[in-house]
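The values are calculated or read from the model by the stated rules, or taken from the named source; none is laboratory data. Note that the coordinates shown come from a computational prediction; the quantities given were computed from them, not determined experimentally. All Cβ positions, even for glycine, are placed from backbone atoms using ideal geometry, and neighbour counts span all protein chains on display.
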Amino acid sequence: MRAGNKLVVRNVGLMLSGKLEQPILDADCIVTLDGKITAIGYEKDLDVSEASQTIDAKGTALSPGLIDSHVHPVIGDYTPRQQQLSWIDSCLHGGVTCMISAGEVHLPGRPKDIVGLKALAIASQRWYENFRPSGVKVIAGAPVIEEGMEEEDFKELAAAGVTLLGEVGLGSVKAGDTAKQMVSWARKYGIQSTIHTGGPSIPGSGLIDKDVVLEADADIIGHINGGHTALPDDQILCLCEQCTRGIEIVHNGNERSGLLAMRAAFDLGQPERVILGTDSPAGSGVQPLGILRMIAMLSSLGDVPAEVAFCFATGNTSRMRELDCGILEIGKAADFIIIDRAQHAPGKDMLDSIHQGNLPGVGMTIIDGEVRSTRSRNTPPAETLPELVE
Ligand SMILES: [Zn+2]
């Protein structure tokens, strides 16, 4: 009799760990039970019997599911920003299995009074906890802080299950000293914070420069490469050098500035600070392949091995955000993508083709040990697809 829901992925040709200290594991097989990783190694050494489901990866690559560190969801799988349905499902087809809200800012009529913004944050946290679009984990309920909030408000939000602040600076709190006070109240109650960095995103938002970012001291320097408008290069370098907070690079930002920030992190010997987001939905739309595009862009133009660039969107984010996914380790969530070199892509193998600036093809996504999608409808087709064998 089967003890639980056991998944075996065998014949993996390349096991990407998500961990910068060892991005590629010596392993060809991974076993999960009831949605958690129980073994990683060579099939000959593992107990692969009595599996509920077995996947033959056929020599392709397995990576932790990608994490988008910066999204702006509102409700379900609909975004009012671009009047678009199923955008989260589209991102799943781009390899994203977990998303983190930087504020539900696109809600028409978003409440800006304190009781209203708290109610929205708590409701958003609940509706994404209770409903995962296509299985994607959306960590939401990220209030946009406004002038007049007191310590008690942060305590109440935390007690109600809120774990994130929306981008500091998108509301009325734009001064460094007020932001610093509220960020520290949030931190005291276990709420993680992100700050909007750079010029205004859309009419109604404002400039946040390096002095405000440094004074506020949020946990994540949100879109350090702007969303879209980046700060001047000297300010970006100053942010990298003068604090140790997360360096978030987004698709909807300035690519040149993103490369600058990534290089600065390496120069400082702190590549573990680099995490990736799309900052979508936004004025520039939704990017279903945005995280893969960031990996290919940073790897190719930034000349970073592709397996390292994968860590920016998996293990680095997992550790910084204290998630149970994004890393291949026993006990972590069984959230994977199975990928391969795209058909007709140059390069001697998948990693080399990404290092040359090409996207891989997604062949399958798995969340909590369950297959959520097979061949991606959005990526270029993978050369070889995994197969469900039983
Ligand atoms: Zn922003």
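Assorted remarks:
- Selection of region 162-188 for residues being under 19 Å from the mean Cα position of the chain (by Cα) and more than 16 Å from the ligand (Cβ to nearest atom) yields VAL162, THR163.
- Sole residue being closer than 22 Å to CYS29 by Cα and without any contact (Cβ under 8 Å) to a residue 40 or more places away in the chain, chosen from ASP340, ASP324: ASP324
- Looking across region 328-370, the residues that are polar (S, T, N, Q) and either farther than 16 Å from PHE310 by Cβ or surrounded by fewer than 19 Cβ atoms within 10 Å (Cβ to Cβ) (or both) come down to GLN343, GLN356.
- Being closer than 24 Å to TYR78 by Cα, in contact with a strand residue (DSSP E or B) (Cβ under 9 Å, 6 or more places away or on another chain) and surrounded by 15 or more Cβ atoms within 10 Å (Cβ to Cβ) is a description that does not apply to VAL162.
- Every listed requirement among (1) touching a Cys at 6+ places or on another chain (Cβ under 9 Å); (2) closer than 20 Å to GLY285 by Cα; (3) among the charged types (D, E, K, R); (4) away from the ligand (no atom under 16 Å from the Cβ) is met by ASP89 save one, (1).
- Subset of region 189-232 [within 9 Å of the ligand (Cβ to nearest atom) and either part of a strand (DSSP E or B) or not assigned by TED's automatic domain parsing to the domain that holds PRO108 (or both)]: THR194, ILE195, GLY198, SER205, ILE208
- Subset tally (residues that are of a type in the set (A, V, I, L, M, F, W, C), surrounded by fewer than 24 Cβ atoms within 10 Å (Cβ to Cβ) and part of a helix (DSSP H, G or I)) for region 144-159: 2
- Qualifying residue in region 133-140 (condition: in a loop (DSSP other than H, G, I, E, B) and touching a residue at least 24 places away in the same chain (Cβ under 8 Å)): yes
- Selected residue (criterion: nearest to the ligand (Cβ to nearest atom)) from residues of region 250-291 that are within 24 Å of PRO80 (Cα to Cα) and β-branched (Val, Ile, Thr): VAL250
- Of the listed requirements (1) assigned to a loop (DSSP other than H, G, I, E, B); (2) among the basic types (Lys, Arg); (3) under 29 Å from GLU390 (Cβ atoms), LYS44 misses just one: (1).
- Evaluated against (1) out of contact with any strand residue (DSSP E or B) (no Cβ under 7 Å at 6 or more places or on another chain); (2) closer than 30 Å to GLY109 by Cα; (3) part of a loop (DSSP other than H, G, I, E, B), ARG81 falls short on exactly one condition, (1).
- Of all residues in region 354-386, exactly one satisfies the criterion of being among the aliphatic types (A, V, I, L, M), in a loop (DSSP other than H, G, I, E, B) and farther than 26 Å from LYS36 by Cβ, namely LEU359.
- Test for LEU25: is it touching a helix residue (DSSP H, G or I) at 6+ places or on another chain (Cβ under 7 Å) and in contact (Cβ under 8 Å) with a residue 60 or more places away in the chain: no
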